[in-house]
Amino acid sequence: MNKTFTLKVKEVVKETPDTITIKFKQPLFKKVKYQPGQFLTLVFDVNGHKERRSYSMSSAPNLDSTIDVTVKRVEGGLISNHINDNLQAGDSVDVMEPMGLFTLTPEKDKSRHVILWGAGSGVTPLMSILKSVLFFESNSTVSLIYGSRQKSDIIFHDQLELLKNKFGERLNVVHCLTQPDAQWGGLTGRIDDVKAVNIMNMLPSVEDSIHYLCGPTGMMEAIEAGLKRLKVRKSNIYKESFVPKHEDASDDIKTQKVKIILDGEEEEFVVNPEQTILDAGLDSGIDIPYSCQSGVCTACRGKCVEGKVEMLSADALSASEIAEGYVLTCQAHPASEDVVIEIG
Ligand SMILES: Cc1cc2nc3c(=O)[nH]c(=O)nc-3n(C[C@H](O)[C@H](O)[C@H](O)COP(=O)(O)OP(=O)(O)OC[C@H]3O[C@@H](n4cnc5c(N)ncnc54)[C@H](O)[C@@H]3O)c2cc1C
Ligand code: FES
């Protein structure tokens with residue numbers, strides 16, 4: 001359960017005033033395999049607590065020799081600032097296996113238009129997808145529509161310029177700044193539904209385009225609304241959110257006892273209304289598997305065999321998994337007495 005392995009930092013690259021890329025060495029013998037768009041969960045010991053945070057890989061598999069994660073400081077954030085302040089070449093970091101369903105597998109004979117929509121650190125998984133398509137799908141085109149605050153906040157600015165020079169018409173990059181200086185001649189303001197439609201109308205061959213969205217929830221909802229207007233099929237839109245849902249559970253949620261059956265062993269603990277089943281289980285010292293804590297990876301999946309649970313988000317589960325009773329413990333609150341969840 002919750003197995004980790006160690007990666008060594010080869011290099012730390014400053015991308016913008018508040019963002020760095022950590023380049024990990026690929027282990028010599030057991031190479032880390034991942035797909036474009038997936039994330040690594042890094043584990044740190046801070047003040048006697050094990051803290052896990054997920055970071056999407058900005059490197060592309062089979063192309064970049066290092067495994068890269070790009071970390072932007074979050075105001076008041078524990079781990080993003082710890083990483084930016086302390087991590088150096090030569091350090092070792094515990095990580096979990098790459099995970100995530102926000103992926104694109106390049107297919108060399110495919111000819112498609114991959115449109116990537118991001119803001120801030122949301123560009124990291126998009127960068128991995130962008131490079132993979134450009135290098136491994138030679139008939140496909142990529143467009144990146146990328147929102148930042150100021151020009152100096154644009155992560156991967158120089159790398160994108162180099163890629164534009166190398167790939168010409170196969171790569172379109174549209175920057176949009178919310179706080180541009182007087183010299184800025186590009187798009188300004190937030191990327192909303194109207195802008196999304198206007199940008200789509202500027203791009204070449206958008207028919208049958210496939211879309212990857214990673215940024216603040218409001219921006220992703222607005223872009224989706226714009227794409228809906230342009231009749232882009234829902235099945236061609238993939239989304240990833242970095243920020244866990246903060247909605248409170250409904251008023252019906254009360255303090256309840258929950259039983260977890262983990263590899264055949266039964267463990268019982270109390271879950272308060274403000275806790276998820278995962279949080280309460282971990283607080284009770286139970287080694288429940290988990291990774292992203294945001295409802296995107298399914299590492300914390302279990303089957304509810306008795307009682308009822310309410311989930312804040314079940315987007316990462318298929319309809320058949322939900323029908324069979326599978327739940328994500330990082331998103332679940334007990335909605336009845338006697339909830340029993342089997343894991344493993
Ligand atoms: C699947 C996945 C992939 C991710 N990939 C990346 C990545 O490639 N690069 C990257 O920089 N981050 C990424 N994140 C976010 C990252 O995991 C952390 O949540 C982030 O670094 C904040 O951690 P912290 O310990 O500094 O903040 P915490 O101490 O955990 O939180 C401090 C406060 O900031 C809020 N907060 C948390 N995350 C964010 C955020 N992203 N933006 C604004 N407010 C936030 C929290 O709700 C809380 O109120 C990813 C998250 C997920 C779930
Ligand atoms: S820990 Fe990733 S979905 Fe729950």
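Looking at Ala314, Ala280 in this structure, which one is free of Cβ contacts under 8 Å to residues at least 24 places away in the same chain, within 16 Å of ligand 1 (Cβ to nearest atom) and touching a strand residue (DSSP E or B) at 6+ places or on another chain (Cβ under 9 Å)?
Numbers: Ala280 fails: within 16 Å of ligand 1 (Cβ to nearest atom).
Checking each option against the conditions leaves just Ala314.
Rundown of residues vs (1) among the hydrophobic types (A, V, I, L, M, F, W, C); (2) within 30 Å of Ile115 (Cα to Cα), yes/no style:
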| site | (1), (2) |
| --- | --- |
| Val194 | yes, yes |
| Asn201 | no, yes |
| Leu227 | yes, yes |
| Val232 | yes, yes |
| Lys239 | no, yes |
| Asp252 | no, no |
| Gln275 | no, no |
| Asp283 | no, no |
- Message: Among (1) touching a helix residue (DSSP H, G or I) at 6+ places or on another chain (Cβ under 8 Å); (2) among the aliphatic types (A, V, I, L, M); (3) assigned to a loop (DSSP other than H, G, I, E, B), there is one condition Val194 misses while meeting the rest; what is its number?
- Response: (3)
- Task: Out of Ala60, Ala89, report the one residue that is over 27 Å from Cys176 (Cα atoms), modelled with pLDDT of 95 or more and touching a Lys or Arg at 6+ places or on another chain (Cβ under 8 Å).
- Result: Ala89
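Of these, Gly100, Gly90, which one is over 21 Å from the mean Cα position of the chain (by Cα), at positive phi and in contact (Cβ under 8 Å) with a residue 40 or more places away in the chain? Outline the logic, then answer.
Working: Gly100 fails: over 21 Å from the mean Cα position of the chain (by Cα).
After ruling out the rest, the residue left standing is Gly90.
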- Task: Within region 99-120, track down each residue that is outside any loop (DSSP other than H, G, I, E, B) and in contact with a helix residue (DSSP H, G or I) (Cβ under 9 Å, 6 or more places away or on another chain).
- Result: Val114, Ile115, Leu116, Trp117, Gly118, Ala119, Gly120
- Task: Could you list all residues from region 164-177 that are more than 17 Å from Leu126 (Cβ to Cβ) and open to solvent by 60 Å² or more (accessible area, probe 1.4 Å)?
- Result: Asn165, Lys166, Glu169
- Message: Which numbered condition in (1) within 16 Å of ligand 1 (Cβ to nearest atom); (2) open to solvent by less than 20 Å² (accessible area, probe 1.4 Å) is the only one that Tyr238 fails?
- Response: (2)
- Checked against (1) open to solvent by 10 Å² or more (accessible area, probe 1.4 Å); (2) touching a residue at least 24 places away in the same chain (Cβ under 8 Å); (3) more than 12 Å from ligand 1 (Cβ to nearest atom); (4) of a type in the set (Ser, Thr, Tyr), Thr329 satisfies every condition except (1)
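For region 1-31, give me the residue count where each residue is open to solvent by less than 60 Å² (accessible area, probe 1.4 Å) and closer than 15 Å to Glu97 by Cα.
Here the count works out to 6.
Could you tell me whether Leu126 is out of contact with any Ser or Thr (no Cβ under 6 Å at 6 or more places or on another chain), open to solvent by less than 40 Å² (accessible area, probe 1.4 Å), among the aliphatic types (A, V, I, L, M) and not in a strand (DSSP E or B)? Walk me through it before giving the result.
Working: out of contact with any Ser or Thr (no Cβ under 6 Å at 6 or more places or on another chain): yes; open to solvent by less than 40 Å² (accessible area, probe 1.4 Å): yes; among the aliphatic types (A, V, I, L, M): yes; not in a strand (DSSP E or B): yes.
So Leu126 fits the description; yes.
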- Note on the structure: Scanning region 60-74 residue by residue, the ones that are assigned to a strand (DSSP E or B) and not hydrophobic (A, V, I, L, M, F, W, C) total 4
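Test of understanding: among Ser250, Ser291, Ser313, which residue is within 16 Å of ligand 2 (Cβ to nearest atom), open to solvent by less than 50 Å² (accessible area, probe 1.4 Å) and farther than 21 Å from Val43 by Cβ? Before you say what the answer is, go through the steps one by one.
Numbers: Ser250 fails: within 16 Å of ligand 2 (Cβ to nearest atom); Ser291 fails: farther than 21 Å from Val43 by Cβ.
After ruling out the rest, the residue left standing is Ser313.
The values are calculated or read from the model by the stated rules, or taken from the named source; none is laboratory data. The shown structure was predicted, so the numbers you read here are calculated from the model rather than taken from an experiment. Please note: Cβ atoms are built from the backbone with ideal geometry, for glycine as well, and neighbour counts cover all protein chains shown. Remember, those area values only see protein heavy atoms, side chains included, never the ligands or the DNA or RNA. Shrake-Rupley method; radii C 1.70, N 1.55, O 1.52, S 1.80 Å.
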